Every structure is written in structure tokens, then in C-alpha cells.
Amino acid sequence: MNANIYRHEFRFRLKSVIIWSLALTFLIVFFFSMFPVFADQAALMNEFLARYPQELRAAFGMDNMDLSTVLGFYSFIFMFVQLCLAIQASNYGFGLVSIEESELTADFLLSKPVSRAQVLTSKLLAALTSLTITNLVVWVSSFAAILLFREGREYDMPTLLLLMLSIVIFQLFFLSVGLVISLLVKRVRSVTPYALGLGFGMYVLSAFSGVFGEVALELVTPFKHLDAPYIVKHVAYNTPLVLLNVAVTIIALAVSYWLYTRRDIPAVS
């Protein structure tokens, strides 16, 4: 790792980290503040949801959750938190090497006495640090929101910790897949459309999986690998799908190193 590259990359993303962290804090606290109302009207809420088609409830994962419980309601919010985390991690993955290439500054960086492997490792560690800060903010916001608005209702702490720990696996998947796609594409001119496409695309696949029950779709999307209602219901991960998720992440990172060390970097003419 090169400390100078690491510091530069981290400072470059610091503003983005702050914005994402504040947005996620607002999302978690604002929506969980509604929990007491839902809990007090549990029977009415369940009757209301029962009127919707089963396919629609399955698309949003609401067929396996009880919104009258602390973790049932939190798992509903957590799915939208996952979507935000997916877009953030995808954004960092796509921009890790493509921004310098599009701005034609990559050749200047690679002219320094550092190997390409060191450059990519420094960039990855900076991105991971940024994602970890956001991760910690989600932890603090979640515990604070539950503490403030659960109104004495009990919940299972180990289950909540499983949900929180799943964030790391989830972020790494989108970071690594975004990185490898950016290296497979000749040039990424704008990171945002790719990041939104990957994040929302995987979320839509998850919704279709819920509607049609297609196992093949469950194999593709990390929203099903780390499904919040499943974790709350079973107090465990879906081990085969999580292992698949980790395997894809490792392969994507390995392929990314291989591609980057052999990549033809555009130079200023």
C-alpha cells in the first residue's frame, strides 16, 4: 500500500461519505420514528396489508415480516438502507480507477515508483475505509432509533447484530463488482449511471424473485443473499447464498487485479 495514494483517495471521497451518512441517518431515524404508530395498530396494519396481492407483498419482502415488532419494522427499513448502500458502494467501485482514466491523469500516477498492484490496493483500502465509516453511522443510527422509539418493546439483539454485520458483505459485493465491470468496459465516462444501474438493477431482480419465486434470480442478487426478512425470521444467514456472495466478491477482486495490471492506460496526447 502507498500511504500518499491512500490519503488522497480517502480525502477525495470524504465529502461523499458525509453526505451518504447524513442521508442514511435521516432515513433510519425518520422512518423508525413511525414504529410506535404501526405497533399500536398492529391488527389493523396486518389487515390492511392482507388486502394487497400476495405478489406485491412478496416484491417488497412484506409477506414474511411483522411490522408490529421492532425487528420486523426495522427489516422493512433496512431494505431501503441496503439500496442506498448498494448505490454508494457501486459508485466507489466504478470510480476507483475510471475517474483518473477519464480525466487522463492515470498515466501521471503510474509514472510514480509504485506498482499497479500497490496503486489498486491503496485505492481499495481507501474505499473500504469510506464504506466502513458509513457502515458505523448506520450502526449508531439504528441502535439510537431503536432505543428512542421502541417504547419498551423487546427485540432480539443477536438478530439485530446479524443484520448489521451483513452490511460489510453487502458493501464488498457491490464495490468489487463495480470495479471489475469498470475494468471490463473500455471507458466509463460517468460513474453515476453505472452505479444506479447496478444498485437498482439488483434490487429489481430481488423484487422479481419475490414475485415469481425464481431460484435463478436469488442466485444473482445480493438483496436475496442477505435478505433482511429471512435473517429476522430464521435468526441466521442463508448460508449457501452468502457463500456464493463471498465467492463472487473474491473472484471479482482477483479478476480486477489481473485486468488492472494488464490494462492499457490512456495517456495525454
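Per-structure values
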| read-out | value |
| --- | --- |
| Hits in segment 78-95 - residues which are farther than 20 Å from Ile146 by Cα and surrounded by 24 or more Cβ atoms within 10 Å (Cβ to Cβ) | Ala86, Gln88, Ala89, Ser90, Asn91, Tyr92, Gly93, Phe94, Gly95 |
| Verdict on Leu161 being free of Cβ contacts under 8 Å to residues at least 24 places away in the same chain, part of a helix (DSSP H, G or I) and under 20 Å from Gly93 (Cα atoms) | no |
| Any chance Arg57 is charged (D, E, K, R), modelled with pLDDT of 85 or more, surrounded by 12 or more Cβ atoms within 10 Å (Cβ to Cβ) and assigned to a helix (DSSP H, G or I) | no |
| Failed criterion for Ala228 (all others in (1) in contact with a helix residue (DSSP H, G or I) (Cβ under 9 Å, 6 or more places away or on another chain); (2) over 17 Å from Phe76 (Cα atoms) hold) | (2) |
| Looking only at segment 96-130, and only at residues there that are among the β-branched types (Val, Ile, Thr), closer than 17 Å to Arg189 by Cα and assigned to a helix (DSSP H, G or I), the one that is modelled with the highest pLDDT | Val97 |
| In segment 221-269, the residues that are outside any helix (DSSP H, G or I) and either touching a strand residue (DSSP E or B) at 6+ places or on another chain (Cβ under 8 Å) or modelled with pLDDT of 85 or more (or both) | Thr221, Leu226, Asp227, Val235, Ala236, Tyr237, Asn238 |
| Any chance Val17 is of a type outside the set (Phe, Trp, Tyr), modelled with pLDDT of 85 or more and surrounded by fewer than 20 Cβ atoms within 10 Å (Cβ to Cβ) | yes |
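Residues are listed down the side, and each one gets a yes or a no for (1) small (Gly, Ala, Ser); (2) assigned to a loop (DSSP other than H, G, I, E, B); (3) surrounded by 14 or more Cβ atoms within 10 Å (Cβ to Cβ); (4) modelled with pLDDT under 80:
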| site | (1), (2), (3), (4) |
| --- | --- |
| Ser176 | yes, no, yes, no |
| Ile181 | no, no, yes, no |
| Arg189 | no, yes, no, yes |
| Gly199 | yes, no, yes, no |
| Met202 | no, no, yes, no |
| Ser209 | yes, no, yes, yes |
| Leu219 | no, no, yes, yes |
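The values are calculated or read from the model by the stated rules, or taken from the named source; none is laboratory data. Just so it is clear, the model here is predicted, and its values are computed rather than measured. With ideal geometry, Cβ positions are generated from the backbone for all residues, glycine too; neighbour counts draw on all protein chains shown.
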